[in-house]
Every structure is written in structure tokens, then in C-alpha cells.
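The numbers here are math on the coordinates, done by the rules we state, and not lab data. Quick caveat: nothing in here was measured; it's all calculated off a predicted structure. Methodologically, a virtual Cβ is constructed for each residue, glycine included, from the backbone with ideal geometry; neighbour enumeration extends over all protein chains shown.
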């Protein structure tokens, strides 16, 4: 049986920095797939509306384009493939500077982290539901409600893979509930607003190199006392044979057991939080053939809370377990305040002919404001700070809509979506890089009141380089490099109905 304790020292940092934060990136864990109809033309012109009421998720002002009571209900299947290849991992050079050169007692090289240099697909596919309803108070005043899953993804790696100290399981689920209102202030101008209530749940796990954690504590203490930090050699049956026995080290545990790579365990965490935000938008339609839409999704702050469970090897001596507990691996709670940036989007819809229209969209997310994540603890431990250094992102798409006959409408689109993550900050939890979209879709009018929409997109993702260094919060996780090869297939379907 393994030792277990509850804690929130660096564990909450894992939740906030590598699960909750990616949910709000312009690429990353952000899920644009909130409308199967708009999926068909790569969301081109979605801020200008003109498709169905699901576009109110992007711009609440579009509701004045519809009459009566309208609703749409659907789901989108997101099939993600993410493979890690050419991986290499080493422990922090700090250990070598402390004299931890080898570990004959375990037959391991302290510098190299074991594990296969490649990992099969670690991504888990998911279905994203969406629901929208609109009610016409009058010709010019509309109210609506939408339920969406705007962020979320699951990746899961094998427990013995080479990057296990950085990621095993990452599971994020969010749901938005957004009441909205729109008002036509003139024949050509409509304004709208929405209030957002967001609930987020995350589950995270990763392996922990407790041997390195102990060594980083023991090494400086022994060096200060003029003692050796060399691990036991072949034929030495005492784990402390090469260290001064009986050294005053009660605070730090047994030095002989401070062997990097010898004491692997796991850390797991569940956390949740609520966030509140808003959207505002407007549409401008100077003629029957042309319409512009402008929307602003305001910044949102989420207070995230949670605790984590750590499992330790059963053979780990009680003195070392006590040392880890003393270092903060114990029961506790913490919190992190995330300041999420704003997104501005602009779209157009141009009816070039009675049967063909052209759409375009551009969206900008100011992720450069997300420079660090600071986690505070009720246990009195010092703040844990994770360097994020995200970049601003831009989404651009162009698409077309063809009305074949009163029953059938077809769509197609292309898009480019760049990533907020650079090589130095890309982790196995976030299989993300610049994306190119190719999309197709169609609608079938089943009856005067019912329409079925289908949309498909293939996302081609550039190979993402990972170059994590053993510094800061990664000091016990070590260096990790490699290439993430990812691709996404998206298929959505929805039913529209009007009363």
C-alpha cells in the first residue's frame, strides 16, 4: 500500500497553469465549434450572423435577424490525434552540481530519464453539445439563452512514458450559460449584450520524481556540512554507505535515499471554479446585400480552488516521507486568480447573387497580457509562480454559401488559427500549434419550420516543438524536448426549429 496525503503546494499550480489556463487560449483548449451550421464555412462571417441563431454565441446582436421563437440544438464530435515523437528527457543539471552523478544501487543514470522516445495518440475524442433559444418580444427586441461548452479537452499518457513528470492525464470540462438581449436601434443598426456564467472542472495527474525532490533538499544541506552526496556504489549494502552516517539531517530525511529516479510516485488533482463575464456586439446592414458584425468578448476572471492527492512508493522510508511532508506535501488548499484576456471579432456577409453569398471573419485575442500564473496557499507556503508568456492570436476565415434549391444549401470555407504557445512553453498537456482549416457543410429544409445542418472541418496542425527546461516549477520534472504531431477532425449536426 502506498503512502497518501492531501496537499496543495505545487499541485494547484498544475491545475491552474496546465489545465484551466489553456482553456482560454485562442487555440489551445478553446473550442470554436459552437455551431454545426457555421462549421461548414469555417465560421466565416459568424459575427455578422445570417446563418442561424447559434451565431448569438459569437455576437448577441444577430438575434434581430430572426422572427418569432427560434431554437437550435446540436452536437459536435471532435476527434483529436496528438502523438509525441522524438522525445528526450534529462534531469536538472543542478543535481550534477550537487554531486549526484550516478545511482548504481538502482542501475540508473541520474542524468537521463527513462522511457520510450515516442508515445501513441494521447488525445481523447469528445462530443460537444450546444443549445440556443430566442424569443421575439417585438420586431425590434429579442431575448435569448445559450448553453455551450467553450473550452475542454482530454489527454492521457501512459504512466511510464518519458514525459511522465510533465503530464499523465489532463481532463478539462467547462459549460457556459449565457442569457442575451438584442435591440434594433435603427433599420440598419442592432446592438446586443450577453451575460456569461461559466463553470469549469479539471482533473490532472503526473508522475513525481521524489528522489530528485529529496536530493535537491539534501544536497545543499550536506554540502554545507562538508559531507559527500555520492550515492551508494556496487556491493554497498547500506543506502547511506557513502554518506556520513548519523549526520544531522533529521530535517531533510535520510540522505542515502535521496536518489533521483529511484522513488517515482504520482500527483493527482481535482479543481473547479466559477467565472462571470460579458459579451457585447452590433451589426450594421447598409443594404439588403451586405451586413457587418462586430463583437467584443470581455475579459473574465476565474477564482480556481482545489486540492491534490500525492501517492508515494510503499518502500519510501518514513524519514523521507516526513521530509516531503515538511516540504509542503500535505493536506491543504489554495487558490489562483486567472485574468483572461478579451477577444474582438469582425465579420461580414455579402450576398453577391440571389443564390451565392461570401463571408469573412477575423478575431483577435490579446493573450500577451497573460504573463504569469500566481497561486496562493492557505498552508502558508510561498506563492507558486509559473511563467506563461503567451502570445496574441489571430483567427482568419473566408467562406461561401450556395443555395442550390429551396431544400438544399451548401457551404465551404478556409481558415487559419495561430497558436498562443511557443516552443519554450508548449507542454504535453497542450498538443497545439498553428492550425489551417478546410470546412464543408450543408443544410436540408425538412419542413417549413425544421432544418437540419451538418458541418465538417479538417484541421491541419503544424508540428509543435516542445523545449521545456528544468527551471522554476520544472526543476524536479526535468528537461523535455520532442515533437507533437497533431490533427483534428470535426463533425457537427444540429436541428433548427421555429414557431
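How long is the gain from residue 289 to residue 438 if the chain were fully straight, where each residue apart is worth 0.36 nm and the alpha carbon distance is subtracted?
Extending this stretch completely gives an extra 51.1 nm.
If one computes P(r) from the Cα atoms of region 271-337, what percent of pairs lie at distances over 18 Å?
Above the 18 Å cut-off, region 271-337 has 66 percent of its Cα pairs.
Let me have the relative contact order for region 106-167, percent, based on Cα pairs under 8 Å that are six or more residues apart.
39
Restricting to Cα pairs below 8 Å that are 6+ residues apart, what does the relative contact order work out to for region 269-368? Please round to a whole percent.
For region 269-368, the relative contact order is 30 percent.
Whole number please: convex hull volume per residue, Cα atoms of region 387-495, in Å³.
111
Taking 0.36 nm per residue of sequence separation and subtracting the Cα-Cα distance, how much length would be gained by fully extending the chain between residue 85 and residue 118, in nm to one decimal?
Stretched out fully, the residue 85 to residue 118 stretch lengthens by 11.5 nm.
As a footprinting exposure proxy, order 278, 157, 446 by other Cβ within 10 Å, with the fewest listed first.
Ordered by Cβ neighbours within 10 Å, fewest first: 446, 278, 157.
Calculate the spin-label point distance for residue 475 paired with residue 356, positioning each point 7 Å from the Cα along the beta-carbon direction, and give it in nanometres.
Using points 7 Å along Cα→Cβ, the separation is 6.4 nm.
What ranking do 61-67, 303-309, 116-122 get when scored by the average of other Cβ atoms within 10 Å per residue, highest first?
61-67, 303-309, 116-122
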